[in-house]
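**Q** Just dropping this structure here.
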Amino acid sequence: MIIKTFPMGLIGTNAYLLIDEESKEAVVIDLGGDFEVIKDEIEKYNAKLKYILNTHGHFDHIFGERDAQKIVSVPVYIHEKDKYLVENLPKQLEKFGFVANAEPPKDIKTFTDKDSFKIGQNEIKIIHTPGHTPGSVCFVIGKTLFSGDTLFYTSVGRTDFEGGSFEKLRDSIVNKLFNLDDDIEVYPGHDTKTTIGYEKKYNCYFGSKNL
Ligand SMILES: [Zn+2]
Ligand SMILES: [Zn+2]
């Protein structure tokens with residue numbers, strides 16, 4: 001599996017491109033900016049984009065998705081509890097002080113943590129991790145976890161936005177993510193990679209060395 005990181009958009013959000021070399025299937029996780037660079041990369045590998053998955057519905061993670069759909073016909077998936085955020089993209093932009101000139105994506109499909117996705121033969125599992133938003137999720141493929149704005153390198157996502165809850169975030173991280181294997185690599189929605197084992201120790205909010 002090829003994993004490429006593209007920091008992009010209004011506030012430097014990581015878009016991730018996954019390509020399964022065998023099946024030539026590609027999946028994008030969170031598309032907060034210009035699709036062109038990712039499109040070029042997909043073409044370079046002769047791959048085909050299957051779907052866009054979202055860790056949550058904040059504007060900086062979905063901003064480029066409608067434009068991408070004008071180039072490739074592809075559905076956008078979001079946890080059912082964050083669908084309203086995707087539909088309210090212009091309102092979100094306004095709230096954060098940006099010009100509300102982006103269209104929300106079309107063909108929005110919802111999932112719960114009982115669902116899963118596939119890229120080639122690989123299963124993409126869903127862990128519902130509410131706290132940053134009600135419908136925040138992490139995606140797991142083998143030893144790789146995409147954590148969105150739930151878990152960052154030595155930090156965690158903000159919970160002071162609409163629908164946020166620090167108690168829920170704590171439960172999601174301590175009781176769900178920290179039960180995963182230490183050697184799982186964490187690809188967050190912003191900034192640099194980390195691992196579950198490292199965060200269990202050194203996370204500034206919930207790490208054992210900081211309690
Ligand atoms: Zn967010
Ligand atoms: Zn974000």
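The values are calculated or read from the model by the stated rules, or taken from the named source; none is laboratory data. Keep in mind the model is a prediction, meaning the values are calculated, not measured. Ideal geometry is used to build each Cβ from the backbone, glycine not excepted, and the neighbour counts take in all protein chains shown. Just so you know, the surface numbers come from the protein's heavy atoms only, side chains and all, with ligands and any DNA or RNA stripped out. Shrake-Rupley method; radii C 1.70, N 1.55, O 1.52, S 1.80 Å.
**Q** Which strands (runs of 3 or more DSSP E) sit wholly inside region 118-211 and have at least 1 residues that are of a type in the set (S, T, N, Q) and within 16 Å of ligand 1 (Cβ to nearest atom)?
**A** In region 118-211, the matching strands (runs of 3 or more DSSP E) lie at 144-148.
**Q** Residue by residue through region 26-74, note down the ones that are buried (at least 20 other Cβ atoms within 10 Å of the Cβ) and among the polar types (S, T, N, Q).
**A** Passing the criteria: N54, T55.
**Q** Of (1) modelled with pLDDT of 95 or more; (2) closer than 23 Å to T129 by Cβ; (3) not charged (D, E, K, R), Q69 satisfies all except one. Which?
**A** Of (1) modelled with pLDDT of 95 or more; (2) closer than 23 Å to T129 by Cβ; (3) not charged (D, E, K, R), only one is false for Q69: (2).
**Q** What number of residues within region 84-107 satisfy the criterion of being part of a helix (DSSP H, G or I) and buried (at least 19 other Cβ atoms within 10 Å of the Cβ)?
**A** 4
**Q** List every residue pair whose Cβ atoms sit under 6 Å apart, with the two residues 6 or more apart in sequence or on different chains, where the first one lies in region 24-44 and is among the basic types (K, R) and within 16 Å of ligand 2 (Cβ to nearest atom) and the second, anywhere, is in a strand (DSSP E or B) and modelled with pLDDT of 95 or more.
**A** none
**Q** Would you check which residues across region 134-169 are of a type in the set (V, I, T) and under 16 Å from the mean Cα position of the chain (by Cα) and list them?
**A** The answer is V137, V140, I141, T144, T150, V156.
**Q** Ok, one more. I2 passes all but one of (1) closer than 27 Å to E94 by Cβ; (2) away from ligand 1 (no atom under 16 Å from the Cβ); which number fails?
**A** Against the list (1) closer than 27 Å to E94 by Cβ; (2) away from ligand 1 (no atom under 16 Å from the Cβ), I2 comes up short only on (1).
**Q** Among (1) farther than 18 Å from P188 by Cβ; (2) out of contact with any Pro (no Cβ under 7 Å at 6 or more places or on another chain); (3) among the polar types (S, T, N, Q), where does Q69 come up short?
**A** Answer for Q69: the failing condition is (2).
**Q** Take the residues in region 135-163 that are open to solvent by 30 Å² or more (accessible area, probe 1.4 Å) and more than 15 Å from ligand 2 (Cβ to nearest atom), then tell me which one is nearest to C204 (Cα to Cα).
**A** Out of the qualifying residues, it is T154.
**Q** Show the residue pairs that are 6+ apart or on different chains and have beta-carbon atoms under 8 Å apart, the first residue being within region 166-183 and over 15 Å from H128 (Cβ atoms), the second being of a type in the set (A, V, I, L, M).
**A** Listed pairs, sorted by first residue: F178/I196; D181/I196; D182/I196; D183/I196.
**Q** Right, another one. Can you name the residue in region 87-110 that is under 20 Å from the mean Cα position of the chain (by Cα) and among the β-branched types (V, I, T) and is also farthest from L31 (Cα to Cα) among such residues?
**A** Of everything passing the filter in region 87-110, T110 is farthest from L31 (Cα to Cα).
**Q** Also: Are there any pairs, at least 6 apart or on different chains, whose C-beta atoms fall under 6 Å, with the first in region 57-71 and among the aromatic types (F, W, Y) and the second surrounded by fewer than 24 Cβ atoms within 10 Å (Cβ to Cβ), and if so, which?
**A** F59/L89; F59/Q92; F59/L93; F63/G9; F63/A102
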